[in-house]
Amino acid sequence: MSDTASTRRSNRLIDSRSPYLLQHACNPVDWYPWGAEALKLARDRNVPIFLSIGYSACHWCHVMAHEVFENPAIARYMNEHFVNIKVDREERPDLDELYMLATQITTGSGGWPMSVWLTTDQKPFYAGTYFPPEDRYDRPGFPSVLAAINTAWRDNRDQVLAQADHIARSIADYLQRPVATVQALKPAAWINQALRECQRRMDLTWGGFTGAPKFPPHQTLLLLIELLTYGNPSTHAMELSISDISRSEIQTWLITTLDRMAAGGIYDQLAGGFARYSTDEQWLVPHFEKMLYDNAQLVLIYARAGVLLHRADYQRVAMETLDFILRDMTAEDGLFYSSLDADSEGEEGKFYLWKWEDIVAAIPDAMDRQLAGAFWDLTPEGNWEGRNILRVIGDNAYLAQQVGKTPDFVQTRLREVRSRMLAARAVRVPPRRDDKILTGWNGLMIQALAQASLLFNEPRYYQAAVRAAAGILKVHQENAGQLLHVSRAGRAGIPAFLEDEACWGLAAWNLAVAAKQFEPTMVDSWQNTARQAAEAIVNDFYQPQTGEFFITGSRHEDLFVRVPSASDNAVPGAAAMAMALLLKPDISTTKINYLPVVRRGLARLAPLIEQHPLAFSTILSLLVEHPDIAELLATT
């Protein structure tokens with residue numbers, strides 16, 4: 001090994017569990033993982049902490065790593081004047097949540113990579129996201145920021161510490177929510193307001209909410225499905241009194257969004273599975289990373305909508321996505337990997353993009369190429385920066401008429417073309433996979449598989465769910481039976497967060513429901529597992545005096561403020577999932593009644609729900625599903 005290689009391998013990330021941290025283990029930056037050693041070093045050296053938070057599939061995290069953290073001159077300055085800590089946001093959602101609040105408070109926005117500078121007692125005093133290696137893009141270059149912060153720390157320490165105290169107080173003030181009165185619990189009004197917001201924001205041409213970038217609105221789509229499942233809102237048991245938003249309008253929002261996403265470039269038209277989001281309003285150009293949590297939620301959405309609306313194409317999308325997960329994102333022990341990268345060979349989306357010469361090579365027959373081009377929008381000019389992203393713009397019946405063939409002929413030829421294109425794509429360098437296992441995200445996928453097994457009467461989905469759940473029980477539990485958050489290659493650690501306990505409890509409960517059809521002898525076992533998760537939530541994450549559900553429990557380290565769970569985000573809010581579990585049949589017993597816990601939790605969140613109801617779509621779905629409970633909550 002050369003001296004350079006030895007130096008590059010000297011930072012402390014080399015023994016990390018996280019693939020994201022391991023990607024930085026050879027940086028010339030003297031990175032530390034978050035922990036006692038790094039925090040003590042900052043105090044001993046009396047220098048600021050530079051905290052960099054990102055994740056493995058993040059494109060701009062890779063960009064900043066290559067441009068900045070691999071630069072020897074920048075690294076030397078970082079090592080001389082800072083203690084540098086690298087965090088995988090998926091391993092430490094508590095740190096990510098806390099310091100993202102600091103970033104949003106100080107800059108008005110957030111994102112990854114997240115760059116935060118801390119005092120020696122871990123309070124943030126300056127924050128941002130991506131910084132280029134020099135001043136450009138109307139952004140200060142990273143060296144300029146480092147120099148300014150170092151100067152301020154050296155010459156104006158009191159001012160820096162005062163700024164840190166101010167930000168810390170602002171975070172604490174933001175998190176101190178008032179408790180609503182009983183009269184403020186108005187589920188029907190919240191749902192009413194959410195639907196009116198949908199009406200204002202819905203893109204009736206392309207689906208989803210207007211504007212770009214455009215993310216799949218998972219939890220809102222599930223709310224619409226719940227409303228359609230449990231009856232017309234205008235005649236709902238909760239008396240929503242919606243006079244101008246009909247069932248047909250809600251159904252139009254749902255169908256338009258599901259149609260457009262399934263036809264767009266955000267969906268992998270060859271192999272199934274959804275990318276994280278679209279950079280444009282038409283769902284054409286995705287940010288190509290594929291996340292387990294997106295696909296788990298979208299599987300359930302398309303499966304439920306397919307059965308509810310009798311749409312075979314939605315059911316096909318759900319099954320193709322499940323096939324993608326079981327094929328490309330499943331470990332040997334049945335657990336599910338976290339994500340696939342946006343990049344391959346250093347270029348975002350390269351694995352999925354098609355030059356015209358690649359298409360000609362994969363589809364040598366002219367008629368087949370004509371059909372594929374008309375169906376998937378493939379042209380010599382390309383539909384994005386000279387290359388082609390597959391999206392569905394054709395129709396079998398129309399294409400058959402154009403070429404004088406039958407629709408069955410067109411379908412057969414397109415099936416053959418898809419096979420050829422998949423074979424051609426298979427020889428490319430695939431995106432890197434983040435192969436760590438997260439309990440919460442696996443819980444979401446187990447729930448989707450269990451429900452899909454019943455919706456499609458498909459035992460193999462139930463078996464896949466059971467296999468993954470067995471992996472959680474084997475790998476993600478300590479000797480005392482306490483749940484753990486993350487593992488990689490069988491090496492598990494970090495106590496479970498609220499999201500983990502709630503998702504795991506819901507996974508076990510859904511397995512109990514599915515087991516009634518596929519494996520009746522296991523019903524009681526899975527119900528007991530779900531009850532154990534509910535008890536852990538109430539005992540370790542719930543504060544009865546305030547009604548708050550915190551994202552951390554007693555086994556986690558104390559940060560300068562404890563963060564409660566609030567709204568939905570890319571995944572459903574952890575508090576909402578906890579309440580969903582606590583309200584499930586057979587979770588409360590004659591000895592334990594969780595309804596007061598849920599009611600107190602809703603009272604704590606009520607002011608926020610009233611202000612931003614769509615941000616709490618999971619809670620609203622819960623109240624639609626349980627109208628009797630919703631009425632009880634509002635009147636008792």
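The values are calculated or read from the model by the stated rules, or taken from the named source; none is laboratory data. In this text the structure is predicted, and so the values were computed from the model without any measurement. In this analysis, Cβ positions are derived from the backbone assuming ideal geometry, glycine residues included, and neighbour counts consider all displayed protein chains. With ligands, DNA and RNA removed, areas are computed over all heavy atoms of the protein, side chains included. Shrake-Rupley method; radii C 1.70, N 1.55, O 1.52, S 1.80 Å.
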Taking K and R as +1 and D and E as -1, what net charge do the other residues with C-beta under 14 Å from the C-beta of Val410 add up to? 0
Ranked highest first by the average count of other Cβ atoms within 10 Å around their residues, in what order do 473-481, 377-385, 597-605 fall? 597-605, 377-385, 473-481
Label-point separation (nm) for Asp365 and Asn479, each offset 7 Å from Cα along Cα-to-Cβ? 6.4 nm
Multiply the residue gap between Ala162 and Arg177 by 0.36 nm, knock off their C-alpha separation, and tell me the result in nm, one decimal place. 3.0 nm
Sorted by packing (mean other beta-carbon atoms within 10 Å per residue), highest first, where do 284-291, 448-455, 561-568 land? 448-455, 284-291, 561-568
So for the stretch 286-356, what percent of the C-alpha to C-alpha distances run longer than 21 Å? 38 percent
Which residue, Leu292, Trp153, His612, has the largest displacement toward the positive end of the dipole of the chain when charges sit on each Cβ (Lys, Arg +1; Asp, Glu -1)? Leu292
Here the FRET efficiency for Arg169 versus Asp15, based on Cβ atoms and R0 = 30 Å and rounded to 0.05, is 0.25
Rounded to the nearest whole Å², what accessible area per residue is found for the stretch 296-356 with the 1.4 Å probe? 35 Å²
Quote the FRET efficiency, to the nearest 0.05, computed for Leu595 versus Asn46 with a Förster distance R0 of 56 Å and r equal to the Cβ-Cβ distance. 0.60
Which three lengths, in whole Å and largest first, does the stretch 244-386 cover when its Cα atoms are put on their principal axes? 49, 42, 27
Over the chain, with every protein chain in place, what whole percent of the accessible area is carbon and sulfur at 1.4 Å, could you tell me? 49 percent
Simple spin-label estimate for Ala73/Asp155, 7 Å along Cα→Cβ, in nm, reads 2.2 nm
Determine the shape class of the stretch 13-170: with a ≥ b ≥ c the square roots of the Cα gyration tensor eigenvalues, call it rounded for a/c under 1.5, and otherwise prolate if a/b is greater than b/c, oblate otherwise. rounded
Relative contact order of the chain, defined on C-alpha pairs under 8 angstrom at six or more residues apart (%): 13 percent
Once the Cα gyration tensor of the stretch 299-449 is diagonalised, semi-axes √(5λ) in Å: 30, 22, 12
Can you tell me the accessible area per residue over the stretch 485-636, all protein chains present, probe 1.4 angstrom, in square angstrom? 38 Å²
Could you name the lysines whose alpha carbon sits less than 18 Å from that of Lys40, not counting residues in the same chain fewer than 8 places away? Lys86, Lys123
Would you list, by chain and number, the lysines whose Cα falls below 24 Å from the Cα of Lys355, excluding same-chain residues fewer than 8 positions away? Lys290
Quick one: putting +1 on the C-beta of Lys and Arg, -1 on the C-beta of Asp and Glu, what dipole do you get for the chain around its Cα centre, in Debye to the nearest 20? 460 debye
Let me know the shape class of the stretch 49-89, please: from the alpha-carbon gyration tensor, a ≥ b ≥ c as square roots of the eigenvalues, rounded when a/c is under 1.5, otherwise prolate if a/b is greater than b/c, or oblate. oblate
Partner lysines whose C-alpha sits under 24 Å from that of Lys584, ignoring same-chain residues fewer than 8 away, are Lys186, Lys516
Disulfide-incompatible cysteines by the Cβ rule (no partner under 4.7 Å) in the chain: Cys26, Cys198, Cys503
What is the Rg over Rh value, at two decimals, for the stretch 81-157, using alpha-carbon atoms and the Kirkwood definition of Rh? 0.95
Long-range Cα-Cα pairs in the chain (distance over 30 Å), rounded percent: 57 percent
So if I place +1 on the C-beta of Lys and Arg and -1 on the C-beta of Asp and Glu, and nothing else carries charge, what would the dipole magnitude of the stretch 16-74 be about its Cα centre? I want it in debye, nearest 20. 220 debye
For the stretch 522-580 and the stretch 288-333, distance of Cα centres in Å: 26 Å
Taking 0.36 nm per intervening residue step and subtracting the Cα-Cα distance, what contour gain separates Glu80 from Val403 on full extension? 109.4 nm
Between Leu422 and Met522, Cβ-based FRET efficiency (R0 45 Å, step 0.05) works out to 0.75
Can you give the accessible area per residue of the stretch 1-160, in Å², using a 1.4 Å probe? 41 Å²
Once every DSSP H run of n ≥ 4 in the chain is given -39500 (n - 2.57) and the sum is divided by its residues, what mean residue ellipticity at 222 nm do you get, rounded to the nearest 500 deg cm²/dmol? -16000 deg cm²/dmol
For a test of the definition: using alpha carbon positions, the gyration tensor, and the 1.5 limit on a/c, classify the stretch 1-92 as rounded, prolate or oblate. rounded
Mean shadow area of the stretch 578-623 over all directions, Cα convex hull, nm²: 3.2 nm²
Unit charges on C-beta of K, R, D, E only; dipole of the stretch 471-627, Debye: 140 debye
Highest mean first, how do 434-444, 21-31 rank when packing is the count of other Cβ atoms within 10 Å averaged over residues? 434-444, 21-31
